[in-house]
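The values are calculated or read from the model by the stated rules, or taken from the named source; none is laboratory data. Just so we're clear, the structure is a prediction, and the values are computed from it rather than from any experiment. Cβ placement follows ideal geometry from the backbone for every residue including glycine, while neighbour counts extend to all protein chains displayed.
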Amino acid sequence: MSEPLSFVLQAAGFWCCKLGVALCPHHVAGERNVWADELSRDQLEGFCPALRWQTDVCAVLQTPWS
């Protein structure tokens, strides 16, 4: 697996273990993943901005190796 994707997956694994979350990732082709496709194109119709969650990605990725 290539960097930096492997680092992101390692960090996700760290946080899942720390928080007791079972993560079962799998690939969903773009044409079947309508929400992700629309979000990536800034087409936010039907999405409530009040429910948007913001996080410090650097902190999430750096914490496992701090």
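Some observations on this one:
- Only a single item in (1) part of a helix (DSSP H, G or I); (2) surrounded by 11 or more Cβ atoms within 10 Å (Cβ to Cβ); (3) without any contact (Cβ under 8 Å) to a residue 40 or more places away in the chain is not met by VAL8, and it is number (3).
Okay, residues lined up against (1) of a type in the set (Asp, Glu); (2) assigned to a helix (DSSP H, G or I); (3) at pLDDT below 85; (4) surrounded by fewer than 10 Cβ atoms within 10 Å (Cβ to Cβ):
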{"position": "ALA12", "(1), (2), (3), (4)": "no, yes, no, no"}
{"position": "CYS16", "(1), (2), (3), (4)": "no, yes, no, no"}
{"position": "ALA22", "(1), (2), (3), (4)": "no, no, no, yes"}
{"position": "ARG32", "(1), (2), (3), (4)": "no, no, no, yes"}
{"position": "ALA36", "(1), (2), (3), (4)": "no, yes, yes, no"}
{"position": "LEU39", "(1), (2), (3), (4)": "no, yes, yes, no"}
{"position": "PHE47", "(1), (2), (3), (4)": "no, no, yes, no"}
{"position": "THR55", "(1), (2), (3), (4)": "no, no, no, yes"}
{"position": "PRO64", "(1), (2), (3), (4)": "no, yes, no, no"}
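- Taking every residue in the stretch 36-61 that is of a type in the set (A, V, I, L, M) and pairing it with any residue that is assigned to a loop (DSSP other than H, G, I, E, B), at least 6 positions away or on another chain, the pairs with Cβ-Cβ distances below 8 Å are ALA36/VAL28; ALA36/GLY30; LEU39/PHE47.
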